[in-house]
Amino acid sequence: MFAPHPDDAELGAGGAIVKAISADFRVGIIDLTAGEMGSLGTKEIRLVEAEEARKVLGVELRQNLGFPDAFLPFEDKKEAALKITNKIREFKPKIVLIPYWEDRHPDHIATSFIVSKACHFAKLKKIELDHPKHKVKHKIFYELNGQSKYTFLMDISKEFQKKKEAIMSFKSQFKEFSMEYLPFPVEERCKYYGSMIKAEYAEAFYMKEPLVLKDWATLL
Ligand SMILES: [Zn+2]
């Protein structure tokens, strides 16, 4: 999974991450920036918090690519996309989670574009990098500030508590909040999506490619 800033993975897909780990999926988070341009906290603090959140979620691997926050990727888009391509080829994910591109934050939009590009580059054998080509099976977009025309809603009622704890690991970002009073409309959004599937909480995900139904039995 790729995230623009430390804390975005947790905010957008924390429940889905915990659910994947419970089902024995191997999950890795790659943050593109350390969020150093944010008004709260410092680069060092946010990296420590990201590590704490990693432990809460139970994620095996978390890396930070150190791209400049707020300038993402401003100067050399190609170089940035190739750096991400190299990571995709190194870890060979079958599923890649990407921020949804309609969002008020320019870094979230940039991440959406650049990671989508990198998924495409990863399968092109004529792009020679440190690792051989790799085809990502599913690119799945998660919501941050924007709202997608979701392809599916994932019930995260059981996982919501851990998502919350992981978000609250970012103490520098959410000083005035608590486990009882979460930042932004995180809880409301998850409740809203939950209400649509008769669950307590859910997260929304969008796919550009159709989600294939192999037979009717899959629906039952
Ligand atoms: Zn962000």
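Summary of computed values
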| item | result |
| --- | --- |
| Filtered residue count, segment 25-58, keeping only those that are at pLDDT below 85 and under 15 Å from the mean Cα position of the chain (by Cα) | 1 |
| Among residues of segment 201-220, those that are in contact with a Leu (Cβ under 8 Å, 6 or more places away or on another chain) and within 26 Å of Ala9 (Cβ to Cβ), counted | 4 |
| Selected residue (only one of Leu97, Leu61 is surrounded by fewer than 21 Cβ atoms within 10 Å (Cβ to Cβ) and within 16 Å of the chain's Cα centre (by Cα)) | Leu61 |
| Condition check for Met37: hydrophobic (A, V, I, L, M, F, W, C), free of Cβ contacts under 8 Å to residues at least 60 places away in the same chain and within 16 Å of the ligand (Cβ to nearest atom) | yes |
| Failed condition for Arg54, given (1) touching a Ser or Thr at 6+ places or on another chain (Cβ under 8 Å); (2) more than 12 Å from the ligand (Cβ to nearest atom) | (1) |
| Residues within segment 110-162 that are crowded, with 21+ Cβ neighbours inside 10 Å and within 16 Å of the ligand (Cβ to nearest atom), tallied | 9 |
| Selected residue (only one of Ile17, Ile45, Ile84 is crowded, with 17+ Cβ neighbours inside 10 Å, under 27 Å from Lys126 (Cβ atoms) and aliphatic (A, V, I, L, M)) | Ile84 |
| Residue list for segment 61-107, filter: touching a strand residue (DSSP E or B) at 6+ places or on another chain (Cβ under 9 Å), within 15 Å of the ligand (Cβ to nearest atom) and of a type in the set (D, E, K, R) | Asp69, Asp107 |
| Total residues in segment 40-51, condition within 14 Å of the ligand (Cβ to nearest atom) and closer than 26 Å to Thr85 by Cβ | 2 |
| Residue list for segment 158-172, filter: under 13 Å from Glu10 (Cα atoms) and of a type outside the set (D, E, K, R) | Phe160, Gln161, Ala166, Ile167, Met168, Ser169, Phe170 |
| Residues satisfying the stated conditions in segment 184-200, i.e. under 13 Å from Gly12 (Cβ atoms), part of a helix (DSSP H, G or I) and not hydroxyl-bearing (Ser, Thr, Tyr) | Val186, Arg189, Cys190 |
| Residues of segment 86-127 that turn out to be β-branched (Val, Ile, Thr), touching a Ser or Thr at 6+ places or on another chain (Cβ under 8 Å) and under 14 Å from Asp31 (Cβ atoms), as a count | 1 |
| Flag for Met196 being modelled with pLDDT of 95 or more and exposed (fewer than 14 other Cβ atoms within 10 Å of the Cβ) | yes |
| Complete set of residues in segment 7-34 that are assigned to a helix (DSSP H, G or I), touching a strand residue (DSSP E or B) at 6+ places or on another chain (Cβ under 6 Å) and within 11 Å of the ligand (Cβ to nearest atom) | Ala9, Gly12 |
| Count of residues meeting criterion [in a strand (DSSP E or B) and charged (D, E, K, R)] in segment 201-220 | 1 |
| Residues of segment 105-146 that turn out to be assigned to a loop (DSSP other than H, G, I, E, B), of a type in the set (Val, Ile, Thr) and under 20 Å from the mean Cα position of the chain (by Cα), as a count | 1 |
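The values are calculated or read from the model by the stated rules, or taken from the named source; none is laboratory data. This structure is a prediction, so every number in the text was calculated from the model and none was measured. Backbone-built Cβ (ideal geometry, glycine too); neighbour counts: all protein chains shown.
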